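Notes follow once the structure below has been shown.
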Amino acid sequence: MSQKVAIGKLAILLASLSEDELNSFQSSFDEVNYCQGKVGSMNMQKVISAVETAAKRNGLIQEHLYRETHALYHAILEGIEGVTRGKPVIGEMSRTVGLRFSVVRGCPYHDSKEGEWLAVAFYGTIGAPVKGAEHETVGLGINHI
């Protein structure tokens, strides 16, 4: 039996806290693999691509394994639905996002036979493409590999 890890909570912390704020949680990240990044755009494909690229470059998924790419894609889409309040569109609705994101890979269940899962978290702003017209937003997606 492996230790249970709250990959969603860790992903949200990684996406929303500054580097200084994260220091007190550093030991919590010993049981997982993760990466972080930033993206700002009115184009949803750029948001998706930024997360996929970060996950691949940091070795969180193996590009040649379809199930890993597929799991990441669904976790990203679920997280985006939180950011956009259920309508996964931005530019088409004259909205823009400025987001920090994280991807966490780990085992969220006590029984190791449940396997590894991916959590994708977003934290940042969404709103009209006018400085000062945005508000905070957050999204979390979790999918099994």
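The values are calculated or read from the model by the stated rules, or taken from the named source; none is laboratory data. Note that this is a predicted model, so its numbers are computed, not measured. Neighbour counts are summed over all protein chains in view; Cβ atoms, including those assigned to glycine, are modelled from backbone coordinates with ideal geometry.
Residues to consider are Val97, Val120, Val89; find the one that is in contact (Cβ under 8 Å) with a residue 60 or more places away in the chain and of a type in the set (Val, Ile, Thr). Full working, then the answer.
Details: Val97 fails: in contact (Cβ under 8 Å) with a residue 60 or more places away in the chain; Val89 fails: in contact (Cβ under 8 Å) with a residue 60 or more places away in the chain.
None of the other options fit; the residue is Val120.
Remark: pairs (first residue in region 1-20, more than 14 Å from Tyr34 (Cα to Cα) and in a loop (DSSP other than H, G, I, E, B); second residue at pLDDT 95 or above and among the aliphatic types (A, V, I, L, M); Cβ separation under 8 Å; 6+ apart in sequence or on different chains) are absent.
May I ask you to list the residues in region 115-127 that are under 16 Å from Val39 (Cα atoms) and either assigned to a loop (DSSP other than H, G, I, E, B) or touching a Gly at 6+ places or on another chain (Cβ under 7 Å) (or both)?
Applying the first criterion (under 16 Å from Val39 (Cα atoms)) to region 115-127 yields 120-127.
Correct list: Val120, Ala121, Phe122, Gly124, Thr125.
Select, from Gln45, Gln62, Gln36, the only residue that is touching an Asp or Glu at 6+ places or on another chain (Cβ under 7 Å) and either modelled with pLDDT of 95 or more or surrounded by fewer than 17 Cβ atoms within 10 Å (Cβ to Cβ) (or both).
On the way: Gln45 fails: touching an Asp or Glu at 6+ places or on another chain (Cβ under 7 Å); Gln36 fails: touching an Asp or Glu at 6+ places or on another chain (Cβ under 7 Å).
It is Gln62.
In this entry, Gly132 passes the filter for residues that are farther than 16 Å from Leu14 by Cα and in a loop (DSSP other than H, G, I, E, B). All conditions in (1) under 14 Å from Ala121 (Cβ atoms); (2) touching a residue at least 40 places away in the same chain (Cβ under 8 Å); (3) out of contact with any Gly (no Cβ under 6 Å at 6 or more places or on another chain) hold for Gly82, with the sole exception of (3).
Sort through Val39, Val51 and tell me the only one that's touching a strand residue (DSSP E or B) at 6+ places or on another chain (Cβ under 8 Å) and assigned to a helix (DSSP H, G or I).
Details: Val39 fails: assigned to a helix (DSSP H, G or I).
Exactly one of Val39, Val51 is touching a strand residue (DSSP E or B) at 6+ places or on another chain (Cβ under 8 Å) and assigned to a helix (DSSP H, G or I), namely Val51.
One residue stands out among those in region 54-69 that are in contact (Cβ under 8 Å) with a residue 12 or more places away in the chain and not in a loop (DSSP other than H, G, I, E, B): the one that is farthest from Phe122 (Cα to Cα), which is Arg67. Looking at the structure I just gave you, is Leu72 closer than 19 Å to Leu13 by Cβ and buried (at least 18 other Cβ atoms within 10 Å of the Cβ)? When the stated conditions are applied, Leu72 does not pass them.
Taking into account only those residues within region 78-114 that are assigned to a helix (DSSP H, G or I) and in contact with a Pro (Cβ under 6 Å, 6 or more places away or on another chain), which is surrounded by the most Cβ atoms within 10 Å (Cβ to Cβ)? By that ranking, first place goes to Ile80. Scanning region 23-43 for residues that are free of Cβ contacts under 8 Å to residues at least 12 places away in the same chain, of a type outside the set (Ser, Thr, Tyr) and closer than 27 Å to Glu114 by Cβ gives Gln26, Asp30.
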